[in-house]
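S.K.: Before anything else, here's the structure in question.
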Number of protein chains: 2
Amino acid sequence: MPQGYSLEPVVQESTPSIIARKLRYAIAHGEVAPGSQLGEAELARELGVSRGPLREAMQRLTQEGLLVSIRNRGLFVIEMTDAEIRDMYVLRTAIESAACKLLVRADHVAAGNDLLAKVAKMENASNAGDRAAMSDADLAFHEDLVALSGSRSLARIHSTLMTETRMCLTVLQASYRGTEEWIAEHRGIAEAILDGNGPLAELRLGEHEDDALARLTNSPSEPASVSIA
Amino acid sequence: MPQGYSLEPVVQESTPSIIARKLRYAIAHGEVAPGSQLGEAELARELGVSRGPLREAMQRLTQEGLLVSIRNRGLFVIEMTDAEIRDMYVLRTAIESAACKLLVRADHVAAGNDLLAKVAKMENASNAGDRAAMSDADLAFHEDLVALSGSRSLARIHSTLMTETRMCLTVLQASYRGTEEWIAEHRGIAEAILDGNGPLAELRLGEHEDDALARLTNSPSEPASVSIA
DNA sequence: AGCGATAGAATTGTAAACAATTGACAGATG
DNA sequence: CATCTGTCAATTGTTTACAATTCTATCGCT
């Protein structure tokens, strides 16, 4: 077997899948504003595909909750209210907490070290003053947290949440002030996992996501998660 | 304004949505076996629609994880291995636990009574020896648990999990022996919520879902959830 | 007899044309 | 002058036809 080529099975990604991925990226990165309409004809021309596959891709994104469909009117990018963002974080915390539970019962040492490496990346981005890299590293941390749990179900749901989160970050131009504290929170989670202390990891995770929520929404409101102490 | 007509806005459900709903039901109730192929032409003829809307519905179900697509081969109903069923229950437990957390912070008395009413329905079905009604009441309990939490995010994810659960129940012809214990578990959860005891509700929920898992899978394996004590 | 290649059939992926519904603007009417 | 109605333009929803890819079965060869 020739080295250098990881002979993975050729992934014949379907056209709707490609379109969905591109649109997801565009929405996540604010290239299309929330609330704006996505005209079929225009998009099809832009992407160089016909309306059939495009509509199929739209259905996927609608199912994911990134678009809302109004019959005979068109498809629109979701506009998330503060309440909806809070609700999203309820789900996100639920998913990541479950991932923590799984992690501490698996190889939590390897996972913890892996996550600490991601924290180091955040520090580098922070020192360089690179806001975009900071966001990337932040999201990568949480994505890894779930990926390392080995649960396909959790990962699938979580990936859609990450695009929504990215969208909020982009749109709201979330301020990354208090960076040191921000990094410390991530490190705290990683260390709790390294120690195999599941409840502590979940507790810190809950507090961390409450902080994140406070940065994204105006009303402080009640925290999304509660202490299990 | 004429009485007798509740003049709610007419909801024009889109054709793909209708198709998706019908297919979901068919899959959940074992009318199409797991692993079987869904031919476009045949389905379109059966449902009286053309391939366009049908394909859009398929994309939705694929996104939900009920179907898997193999390019140029077709769409197939998922076959869940024991490992995948366990993984699904990890997610399900995560969602329902989060719902418990929300519930005890809201009107947990009303919610608890509501859930106890569902338990009563289970008892009736049990006494009547009606297995189908038993399944319905079982699923209705868990559906309400999430619905009462008021979280749209949780409800959306949970609804897809319920169809998958129903599919497993149907396919595996899950035995409902030990019905008394089964009902008692549900009652325990409802009472914990009635009392506003979140941690206890989550604990009992976790044990309950482990039991459910044991009925569905062959290998006992390790429990999906861990005690938080 | 077993293996390989080739041809055929079936199915999916794509595209373009057609039909139906909606929203807005303009004109008529009280 | 305000309001209602009718027409028009634009967009979506649906259907039909066509192209490309893949599986299968048969035929020939070793």
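S.K.: Run the label-point distances for B:Glu180 please: 7 Å along Cα to Cβ, every other copy, nanometres, shortest first.
M.R.: Result, one decimal in nm: 6.4.
S.K.: Then there's this: Every other copy gets compared here: list the nm distances from the A:Asp211 label point (7 Å along Cα to Cβ) to its counterparts, shortest first, one decimal.
M.R.: 4.0
S.K.: Let me ask something additional. How far apart are the B:Asn127 label points across copies, placing each 7 Å from Cα toward Cβ, in nm, shortest first?
M.R.: Here B:Asn127 shows inter-copy label distances of 7.2 nm.
S.K.: Right, here's the next one. Report P(r) for segment A:158-201: all Cα-Cα distances, bin width 10 Å, range 0 to the bin holding the largest distance, values in whole percent.
M.R.: Going out from 0 Å in 10 Å bins, segment A:158-201 shows 25, 30, 39, 6 percent.
S.K.: Of the options B:Ile189, B:Ala137, B:Leu43, report the single residue whose Cα projects farthest towards the positive end of the charge dipole of chain B (beta-carbon charges: Lys, Arg +1; Asp, Glu -1).
M.R.: The one lying farthest along the dipole's positive direction is B:Leu43.
S.K.: Quick check: from the Cα gyration tensor, does segment B:82-216 come out rounded (a/c under 1.5), prolate or oblate? Intermediate results must be reported in sequence, preceding the final value.
M.R.: Values: a/c = 1.67, a/b = 1.20, b/c = 1.39.
Verdict is oblate for segment B:82-216.
S.K.: Does segment A:15-77 come out rounded, prolate or oblate by the C-alpha gyration tensor, with a ≥ b ≥ c the root eigenvalues, rounded set by a/c under 1.5 and, if not, prolate when a/b is larger than b/c and oblate if not?
M.R.: rounded
S.K.: Then there's this: Name the shape class, rounded, prolate or oblate, that the alpha-carbon gyration tensor gives for the protein assembly as shown, where a ≥ b ≥ c are the square roots of its eigenvalues, rounded holds for a/c under 1.5, and otherwise prolate holds if a/b is larger than b/c and oblate otherwise.
M.R.: Numbers: a/c = 1.37, a/b = 1.04, b/c = 1.32.
Rounded, because the longest to shortest axis ratio a/c is under 1.5.
S.K.: Averaged over peptide A:61-70, how many Cβ atoms belonging to another chain are found within 10 Å of each residue's Cβ? Don't skip to the answer; put the middle values down first.
M.R.: Details: counts 2, 7, 10, 4, 4, 0, 0, 0, 3, 2.
Shielding by partners across A:61-70 averages 3.
S.K.: Now a separate question. Mind checking A:143-155 for the average number of partner chain beta-carbons within 10 Å of each residue's beta-carbon?
M.R.: On the way: counts 0, 0, 0, 0, 0, 0, 2, 2, 7, 7, 13, 4, 2.
Average neighbour count from other chains, rounded to a whole number: 3.
S.K.: Residue-wise, which Karplus ³J(HN,Hα) couplings in Hz belong to segment A:139-144, taking 6.51 cos²θ - 1.76 cosθ + 1.60, θ = phi - 60°, and x for glycine or proline?
M.R.: 5, 4, 4, 5, 5, 5
S.K.: Here is a follow-up. In vacuum, with every alpha carbon of segment B:115-178 counted as one equal point scatterer, what does the Debye formula give for log10 I(q)/I(0) at q = 0.17, 0.19, 0.20, 0.25 Å⁻¹? Two decimals, please.
M.R.: -0.62, -0.76, -0.82, -1.07
S.K.: Same structure, new question: Only Cα pairs within less than 10 Å get springs; with that Gaussian network setup on chain A, which residue of A:Leu67, A:Leu103, A:Leu47 has the largest fluctuation?
M.R.: A:Leu47
S.K.: Here's a follow-up. Could you work out, residue by residue across A:83-95, how many beta carbons of other chains sit within 10 Å of that residue's beta carbon, and then give the average as an integer? Present the calculation step by step, with values, prior to reporting the outcome.
M.R.: Details: counts 1, 2, 0, 2, 8, 3, 1, 10, 10, 2, 3, 14, 5.
Mean shielding count: 5.
S.K.: Related question: Please tell me which of these pairs span more than 31 angstrom C-alpha to C-alpha: B:Lys22/B:Lys118; A:Lys22/B:Lys101; A:Lys22/A:Lys121; A:Lys121/B:Lys101; A:Lys101/B:Lys121?
M.R.: A:Lys22/B:Lys101; A:Lys121/B:Lys101; A:Lys101/B:Lys121
S.K.: Hey, any idea what % of chain A's accessible area is carbon plus sulfur with a 1.4 Å probe? Before the final figure, lay out the partial values.
M.R.: Working: 5690 of 11250 Å².
Ligands and nucleic acids excluded, carbon and sulfur give 51 percent.
S.K.: Continuing with the same structure: With label points built 7 Å along Cα→Cβ from the Cα atoms of B:Leu47 and A:Glu181, find their separation and express it in nm.
M.R.: Distance between label points: 5.1 nm.
S.K.: How many nm is it between the label spots at A:Met162 and A:Glu79, if each spot is 7 Å from the Cα in line with the beta carbon?
M.R.: Placing both labels 7 Å along Cα→Cβ, they lie 2.9 nm apart.
S.K.: Can you bin every Cα-Cα distance in chain B into 5 Å intervals starting at zero and give me the percent of pairs per bin, rounded to whole numbers?
M.R.: P(r) for chain B, in whole percents per bin: 1, 6, 13, 16, 17, 15, 13, 10, 6, 3, 1, 0, 0.
S.K.: Here's something else I'd like to know. Apply the Karplus parameterisation 6.51 cos²θ - 1.76 cosθ + 1.60, with θ equal to phi minus 60°, to every residue of segment A:149-163 and state each ³J(HN,Hα) to the nearest whole Hz, in sequence, with x for glycine and proline.
M.R.: Per residue, the Karplus-derived 3J(HN,Hα) values read 5, x, 8, 5, 4, 4, 4, 5, 5, 4, 4, 5, 5, 5, 5 Hz.
S.K.: Let me ask something additional. For segment B:128-172, list residues with backbone N below 13 Å from a point placed 7 Å from the Cα of B:His29 toward its Cβ?
M.R.: B:132-133, B:136, B:167, B:170
S.K.: Taking the Cα atoms only, what angle lies between the long axis of helix B:15-28 and the longest principal axis of chain B, rounded to 10 degrees?
M.R.: 60
The values are calculated or read from the model by the stated rules, or taken from the named source; none is laboratory data. Please read these numbers as outputs of a predicted model, since none were measured by experiment. Counting neighbours? That spans all protein chains shown, and the Cβs are built from the backbone with ideal geometry, glycine included. With ligands, DNA and RNA removed, areas are computed over all heavy atoms of the protein, side chains included. Shrake-Rupley method; radii C 1.70, N 1.55, O 1.52, S 1.80 Å.
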